[in-house]
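Every read-out reported here was derived from the displayed coordinates using simple, explicitly stated rules and does not represent laboratory data. This is a predicted model, so every value here is computed, not measured. Ideal geometry is used to build each Cβ from the backbone, glycine not excepted, and the neighbour counts take in all protein chains shown.
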Amino acid sequence: MKDFAAILTCLCFISSSSHAKQLNIDSVSENPIFAYFNKQAKVNYIAFVGGEGLKGKASKSKNPVARSGKEFRDVGSNYFIFPNPAKKMKLSNADRNDGKDHMQRILNLINYIKTQNSLPIVLLGHSRGSISVSSAAKILGKENVKGIVVLSSITSSYDDYTPYYLTMESMLKKVELPVLVVHHEKDACTVSQYNAAKKLA
């Protein structure tokens, strides 16, 4: 827990996405997986950008998690940005980020990473990506995931698209892994309110 908390503390989320390698794993996505590797890495991160996900190049994304791969690599981690399943599809599927197909794709990437190294795997979810990582923590378990990080996570119910059961207050109740909550005190999004995140932490 302290290791990935320390790494996150060092980051400023305003980087370019230069020097990313592109992995093609059909069982994960028809889109490339943007990856950053450090030969002295101590942890693997799989990052979920939230919103509609990542369909194109990480370098063109406005999402801070998509832009921060170089920083994560430079402070001692391998960093993989989870792509949308297909070129014209959003990240979230019909059952809202916790469906079997989505979980299987995450597991397929985890299994690929395990063939490359034996480092712990931590899932990092920004905004709606927090639904993906909290679901994976429950479903895939500690044999596959060692911890999760939720950044600007879904903390408040707002409408039918974001019901209470998708908020972190609900979803994290059954998570038995270390959880790090990172949130901006001036977050203005209606579904990621700071006061709720502070209470959650």
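Details
- Over all other residues within a Cβ to Cβ distance under 13 Å of Ala201, the charged ones net out to 0, with Lys and Arg as +1 and Asp and Glu as -1.
- The Cα atoms of the stretch 140-197 define a convex hull whose projected area, averaged across directions, is 4.1 nm².
- Net lengthening on full extension, Lys199/Leu119 (0.36 nm per residue, minus Cα-Cα): 25.7 nm
- Loop-located GluC sites (Glu not before Pro) in the stretch 100-201 (DSSP state other than H, G, I, E, B) with a sparse environment of at most 14 neighbouring Cβ atoms within 10 Å: Glu143, Glu176, Glu185.
- The protection proxy used here, the mean number of other Cβ atoms lying within 10 Å of each residue, ranks peptides 111-118, 129-136, 26-33, 145-152 as follows, highest first: 129-136, 145-152, 26-33, 111-118.
- For the stretch 123-170, the list of chymotrypsin sites (Phe, Trp or Tyr not before Pro) that fall in a loop by DSSP and count at most 11 other C-beta atoms within 10 angstrom reads Tyr161.
- Taking 22 Å as the limit for the C-alpha separation, the pairs Lys39/Lys138; Lys21/Lys70; Lys100/Lys138; Lys114/Lys198 exceed it in the case of Lys39/Lys138; Lys114/Lys198.
- Using a Förster distance of 30 Å, the FRET efficiency for His184-Lys42 (Cβ separation, nearest 0.05): 0.70
- Between Asn111 and Asp26, the simple label model (points 7 Å from Cα in the Cβ direction) yields a spacing of 1.5 nm.
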